[in-house]
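Where a number appears in this text, it was derived from the coordinates with a stated rule and is not lab data. Bear in mind the structure is a predicted one, so any value in this text is a computation, not a measurement. Counting neighbours? That spans all protein chains shown, and the Cβs are built from the backbone with ideal geometry, glycine included.
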Amino acid sequence: MPHVDVLESGLAVLVVVDIQEKLLPAIASSPADSIIDAAGRLIKAARILDIPTLYTEQYPKGLGPTDARIKELLPPELRPIEKTMCSCWRDAGFREALQATHREHVILVGVETHVCIQQTALDLIRVDYVPFVAADAVGSRRKGDAKTALKRMRHAGAQISTAESLIFELIERCDHPKFKAVLELIK
């Protein structure tokens, strides 16, 4: 039986990958509003629980900035990590920012599942991070690509779950001092 990692808030960092204005309309594996809702809940939970967050923009000159609905949820002082590589890990700026968090559980949300999310997850596994992919907070242009990528990542060792499930793993206990604030995100 394979080893399964459980997400721990003290080890977690949230990475929001390329949820950009010009890319979202092409996503068809799930409705863009659903992806934004699920990713948004994780962003809000990360802020409540003081979990570091990073976000990337793939070639923003061509694909535009991060969607305004996501941007307004991110900490105002946070700046995007611009990249041209599909895998976030292969971008030096991202790699340095991730290493600076000193966190090894990497929650991935964004687009596209079969490109940037998958390549990032596979690279993270290769260098001993544990990626947690929120399946309802990622998407691709084609449903089959997204489905196949989730299977491949799971087979490689990524933990595939949902935003709500990951939020409950982060909070862990109903007597946590921030449980009620986090619970409001789920309702």
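A few comments on the model shown:
- Elements of type strands (runs of 3 or more DSSP E) contained in segment 51-114, each with 1 or more residues being surrounded by fewer than 21 Cβ atoms within 10 Å (Cβ to Cβ) and in contact with a strand residue (DSSP E or B) (Cβ under 7 Å, 6 or more places away or on another chain): 53-58, 81-83
- The set of residues in segment 163-187 that are assigned to a loop (DSSP other than H, G, I, E, B) and either touching a helix residue (DSSP H, G or I) at 6+ places or on another chain (Cβ under 9 Å) or basic (Lys, Arg) (or both) comprises GLU172, ARG173, CYS174, HIS176, LYS178, LYS187.
- From the options ALA38, ALA45, residue that is under 26 Å from SER165 (Cα atoms) and in contact with an Asp or Glu (Cβ under 8 Å, 6 or more places away or on another chain): ALA38
- Residue list for segment 117-145, restricted to those being touching a residue at least 60 places away in the same chain (Cβ under 8 Å), touching a Ser or Thr at 6+ places or on another chain (Cβ under 9 Å) and either surrounded by fewer than 24 Cβ atoms within 10 Å (Cβ to Cβ) or not in a helix (DSSP H, G or I) (or both): PHE132, ALA134, ASP136, ALA137, VAL138, GLY139, SER140, ARG141, ARG142, LYS143, ASP145
- Subset tally (residues that are without any contact (Cβ under 8 Å) to a residue 60 or more places away in the chain and among the charged types (D, E, K, R)) for segment 146-187: 8
- In the set (1) over 15 Å from LEU73 (Cα atoms); (2) part of a helix (DSSP H, G or I), VAL6 fails one condition alone, (2).
- Taking segment 25-57 as the range and being in contact (Cβ under 8 Å) with a residue 60 or more places away in the chain and more than 15 Å from the chain's Cα centre (by Cα) as the test, the residues that pass are ALA26, ILE27, ALA28, SER29, SER30, ILE48, LEU49.
- Residues that are under 14 Å from GLN118 (Cα atoms), under 15 Å from the mean Cα position of the chain (by Cα) and hydroxyl-bearing (Ser, Thr, Tyr), drawn from segment 133-187: SER140
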